[in-house]
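Peer 1: Structure below; questions to follow.
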Amino acid sequence: MDDANATLVERHDLTPDVATLFIRPDVGGAAYAPGQYATLGLATGAGLVQRPYSMAAPHAPDEPWEFHVRRVRGGALTERLWRLPVGARLRLGGPRGRFAPDPQDQRSRLFVATGTGIAPFVAMIRDDLAAGRCRRTVLVHGVAHAEELGFHGLLTRVAAGHASQLRYVPTISRPDDPRSRGWVGPTGRAESVLEHRWETLDVDPAATVAYLCGNPGMVASARAELAARGFAPRDVHTESYWLDRTAAAA
């Protein structure tokens, strides 16, 4: 692959359709801020196919870049990514995006994610821990099935060890599915936590900045709910993780 500039050095499969990929750039790669994304690409008969994914860890020189990826059945890129063996070559684009938080903003933060939209928030939390920053964060993460809760173990440990810094609220929307067997935590969509469990989050809209990342339906619903709760539009930052096909068709 002529455009290849990186190597898949490790992968962790969470489910058959969700995995964390570790990609090492050939020359270290440009520095990036937590919350930014980069494109992964592979050559096909029709040319280079690329898709954007947020990094799930803060930048560290000489370390691989970490991506939390969902396989799209029949997708042009992820079906090929799932077949890649460790050691395979691929194209890694430079960091992009403005979803990174302002490091000077000392307000509390509310993070709301669905699915693999958890990735940029994991990078932000890891960055705070590495830098010794103590900034109160409430993280709501919604998935369909319990097995899809990426970084659940890590976030549970961080919340237990830094209770004044992180409140972690995982929720699942299909508790009766066998893939959720044994789940005893909150149920419902991520945005339903904002609507029905708001008081338990202990969030002060006047002293909090919100970040929403995931499917467009959640982003729109959560943004409306936060506006009703008193959040100013400038204090709600959003990143949609896939195209709203209905809007596109219209």
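The values are calculated or read from the model by the stated rules, or taken from the named source; none is laboratory data. A quick note: this is a predicted structure, and the numbers were derived from the prediction, not measured. Virtual Cβ from ideal backbone geometry, glycine too; neighbours counted across all protein chains shown.
Peer 1: Evaluate the following for A144: is it modelled with pLDDT under 95 and under 25 Å from A220 (Cα atoms)? Show your work before the answer.
Peer 2: Values: modelled with pLDDT under 95: no; under 25 Å from A220 (Cα atoms): yes.
So A144 does not fit the description; no.
Peer 1: Restricted to segment 170-202, and to residues that are within 21 Å of the chain's Cα centre (by Cα) and part of a loop (DSSP other than H, G, I, E, B), which residue is farthest from P216 (Cα to Cα)?
Peer 2: The qualifying residue farthest from P216 (Cα to Cα) is G185.
Peer 1: Being among the β-branched types (V, I, T) and free of Cβ contacts under 8 Å to residues at least 40 places away in the same chain is the filter; apply it to segment 1-49 and report the residue that is surrounded by the fewest Cβ atoms within 10 Å (Cβ to Cβ). First the steps, then the outcome.
Peer 2: Quick first cut of segment 1-49, residues among the β-branched types (V, I, T) only: 7, 9, 15, 18, 20, 23, 27, 39, 44, 49.
Applying the additional criterion that residues be free of Cβ contacts under 8 Å to residues at least 40 places away in the same chain yields 27, 44, 49.
Working: V27: 7, T44: 11, V49: 18.
Taking the candidates together, the pick is V27.
Peer 1: Which one of these is aliphatic (A, V, I, L, M), under 22 Å from the mean Cα position of the chain (by Cα) and at pLDDT below 95: L226, L212, L243? Before the answer, list the steps.
Peer 2: Working: L226 fails: at pLDDT below 95; L212 fails: at pLDDT below 95.
Being aliphatic (A, V, I, L, M), under 22 Å from the mean Cα position of the chain (by Cα) and at pLDDT below 95 holds for just one of L226, L212, L243, which is L243.
Peer 1: Filter segment 203-232 down to residues that are outside any helix (DSSP H, G or I) and more than 22 Å from Q165 (Cα to Cα), then give me how many there are. Steps first, answer last, please.
Peer 2: Taking segment 203-232 and keeping what is outside any helix (DSSP H, G or I), we get 203-204, 208-215, 229-232.
Remaining after also requiring more than 22 Å from Q165 (Cα to Cα): 214-215, 229-230, 232.
Here the count works out to 5.
Peer 1: All but one of (1) of a type in the set (A, V, I, L, M, F, W, C); (2) closer than 23 Å to A220 by Cβ; (3) more than 15 Å from the chain's Cα centre (by Cα) hold for L81; state the number of the condition that does not hold.
Peer 2: Unmet condition: (2).
Peer 1: Collect the residues in segment 143-153 that are surrounded by fewer than 21 Cβ atoms within 10 Å (Cβ to Cβ) and within 18 Å of A57 (Cβ to Cβ), keeping them in residue-number order.
Peer 2: Within segment 143-153, H152, G153 meet the criteria.
Peer 1: Turning to a different aspect of this structure: Please note which strands (runs of 3 or more DSSP E) are completely contained in segment 24-132 and include at least 1 residues that are of a type in the set (S, T, N, Q), in contact with a strand residue (DSSP E or B) (Cβ under 7 Å, 6 or more places away or on another chain) and at pLDDT below 95. Steps first, answer last, please.
Peer 2: On the way: elements: 37-44, 47-54, 65-70, 89-92, 108-114.
Ranges flagged: 47-54.
Peer 1: I'd like to check something: does segment 29-42 contain any residue that is more than 16 Å from A123 (Cα to Cα), more than 14 Å from the chain's Cα centre (by Cα) and among the hydroxyl-bearing types (S, T, Y)?
Peer 2: Looking through segment 29-42, at least one residue is more than 16 Å from A123 (Cα to Cα), more than 14 Å from the chain's Cα centre (by Cα) and among the hydroxyl-bearing types (S, T, Y).
Peer 1: Does any residue of segment 85-98 turn out to be closer than 25 Å to L194 by Cβ, buried (at least 16 other Cβ atoms within 10 Å of the Cβ) and not assigned by TED's automatic domain parsing to the domain that holds V49?
Peer 2: From segment 85-98, those closer than 25 Å to L194 by Cβ are 97-98; that's our starting set.
After this cut, where a residue has to be buried (at least 16 other Cβ atoms within 10 Å of the Cβ) as well, the list is 97.
Right, trim to not assigned by TED's automatic domain parsing to the domain that holds V49 and you get 97.
Looking for residues that are closer than 25 Å to L194 by Cβ, buried (at least 16 other Cβ atoms within 10 Å of the Cβ) and not assigned by TED's automatic domain parsing to the domain that holds V49, one finds at least one in segment 85-98, hence yes.
Peer 1: Please work out which one of (1) closer than 30 Å to A222 by Cα; (2) crowded, with 20+ Cβ neighbours inside 10 Å; (3) not assigned by TED's automatic domain parsing to the domain that holds Q165 is the condition P52 fails and give its number.
Peer 2: So the condition that P52 fails would be (2).
Peer 1: I'm trying to understand the selection: among the residues of segment 8-23, which are under 27 Å from L212 (Cβ atoms) and in a loop (DSSP other than H, G, I, E, B)?
Peer 2: Correct list: D17 only.
Peer 1: Give the residue that is surrounded by the fewest Cβ atoms within 10 Å (Cβ to Cβ), with candidates limited to residues of segment 157-169 that are hydrophobic (A, V, I, L, M, F, W, C) and either in contact with a Lys or Arg (Cβ under 6 Å, 6 or more places away or on another chain) or outside any helix (DSSP H, G or I) (or both). Quick ask: steps written out before the conclusion?
Peer 2: Going through segment 157-169, the residues hydrophobic (A, V, I, L, M, F, W, C) turn out to be 158-160, 163, 166, 169.
Checking which are either in contact with a Lys or Arg (Cβ under 6 Å, 6 or more places away or on another chain) or outside any helix (DSSP H, G or I) (or both) leaves us with 163, 166, 169.
Details: A163: 10, L166: 22, V169: 20.
The qualifying residue surrounded by the fewest Cβ atoms within 10 Å (Cβ to Cβ) is A163.
Peer 1: Among (1) surrounded by 13 or more Cβ atoms within 10 Å (Cβ to Cβ); (2) assigned to a loop (DSSP other than H, G, I, E, B), where does V140 come up short?
Peer 2: (2)
Residues checked against (1) closer than 24 Å to D127 by Cβ; (2) surrounded by 16 or more Cβ atoms within 10 Å (Cβ to Cβ):
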{"residue": "L155", "(1), (2)": "yes, yes"}
{"residue": "I172", "(1), (2)": "no, yes"}
{"residue": "G182", "(1), (2)": "no, no"}
{"residue": "C213", "(1), (2)": "yes, yes"}
{"residue": "E225", "(1), (2)": "no, yes"}
{"residue": "H237", "(1), (2)": "yes, yes"}
{"residue": "S240", "(1), (2)": "yes, yes"}
